Amino acid sequence: MAKKVAVLAVNPVNGAGLFQYLEAFYENKIPYRVYAVANTKEIKSNSGITLIADDVIANLKGHEDEFDALVFACGDAVPVFRENAEMPYNIDLMQELKIFGEKGKLMIGHCAAAMMFDFAGITSGKKLSLHPLAKPAIQKGTATDSDYEIDGNFYTAKQEHTIESMISKVVEALK
């Protein structure tokens with residue numbers, strides 16, 4: 001039986017990245033649930049398209065064991081994360097990243113996802129692929145220039161344009 005995935009989508013989310021994961025999961029019958037990293041299920045893509053998530057991140061708390069993997073769908077909200085770090089949904093985000101990572105669940109993401117995993121303190125010694133502008137922020141893991149990296153339970157891609165090179169490995173791990 002396929003593993004179940006919690007997909008975390010920031011507001012605004014990078015639609016190109018998010019939909020690559022969702023399409024691959026749908027086509028491969030991998031169950032998933034999308035959680036908005038927001039106060040409401042209604043979020044937008046970085047191109048302004050309104051999306052309705054399955055739930056909000058606050059409601060993921062206490063349900064981590066129902067999932068085998070977490071996808072962090074990056075977006076335009078990440079560059080201003082520092083300005084909004086005290087928002088309850090961002091506090092929940094960091095807690096959930098830490099919980100999933102400490103439980104050894106598959107941690108999947110692109111662009112600044114590896115940076116957020118690192119901020120959560122769960123990347124010690126891991127090779128991570130991420131957007132070149134986010135590389136200097138990596139303190140616990142090791143940032144690379146690779147299109148993608150798979151290191152243990154971490155699956156990270158440099159950006160939405162390199163998810164495609166990693167997605168078959170993600171699907172294989174989730175089936």
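Coordinate-derived values only; no laboratory data. The structure displayed is predicted, hence computed values, not measured ones. Ideal geometry is used to build each Cβ from the backbone, glycine not excepted, and the neighbour counts take in all protein chains shown.
Which one is surrounded by the fewest Cβ atoms within 10 Å (Cβ to Cβ) among residues in segment 11-32 that are part of a loop (DSSP other than H, G, I, E, B) and of a type in the set (S, T, N, Q)? I'd like the intermediate steps shown before the answer.
Residues of segment 11-32 part of a loop (DSSP other than H, G, I, E, B): 11-12, 14, 28-31.
Imposing the further condition that a residue be of a type in the set (S, T, N, Q) reduces the set to 11, 14, 28.
Details: N11: 20, N14: 25, N28: 15.
Among those that are part of a loop (DSSP other than H, G, I, E, B) and of a type in the set (S, T, N, Q), it is N28.
Of the residues in segment 129-175, how many are closer than 22 Å to E102 by Cβ and of a type in the set (S, T, N, Q)?
5
Considering only segment 49-61, state which residues are in contact (Cβ under 8 Å) with a residue 24 or more places away in the chain and either more than 17 Å from the chain's Cα centre (by Cα) or surrounded by 13 or more Cβ atoms within 10 Å (Cβ to Cβ) (or both). Break it down stepwise before answering.
So the first thing to find is which residues in segment 49-61 are in contact (Cβ under 8 Å) with a residue 24 or more places away in the chain, and the list is 49, 51, 53, 56-61.
Of everything in segment 49-61, those that are in contact (Cβ under 8 Å) with a residue 24 or more places away in the chain and either more than 17 Å from the chain's Cα centre (by Cα) or surrounded by 13 or more Cβ atoms within 10 Å (Cβ to Cβ) (or both) turn out to be I49, L51, A53, V56, I57, A58, N59, L60.
So is V71 under 22 Å from M87 (Cβ atoms) and in contact (Cβ under 8 Å) with a residue 60 or more places away in the chain or not? Break it down into steps so the answer makes sense when it comes.
Working: under 22 Å from M87 (Cβ atoms): yes; in contact (Cβ under 8 Å) with a residue 60 or more places away in the chain: yes.
Here the answer is yes, as V71 does meet what is asked.
Within segment 78-124, which residues are among the aliphatic types (A, V, I, L, M) and within 20 Å of E149 (Cα to Cα)? Please lay out each step first, then the result.
So the first thing to find is which residues in segment 78-124 are among the aliphatic types (A, V, I, L, M), and the list is 78, 80, 85, 87, 91, 93-94, 97, 99, 106-108, 112-116, 120, 122.
Passing the criteria: L97, L106, M107, I108, A112, A113, A114, M115, M116, A120, I122.
Scan segment 62-75 for residues that are farther than 15 Å from K98 by Cβ, of a type outside the set (A, V, I, L, M) and within 13 Å of the chain's Cα centre (by Cα) and jot them down.
C74, G75
Are any residues in segment 33-52 of a type in the set (D, E, K, R) and in a loop (DSSP other than H, G, I, E, B), and if so, which ones?
So in segment 33-52, the residues of a type in the set (D, E, K, R) come out as 33, 41-42, 44.
Passing the criteria: only K41.
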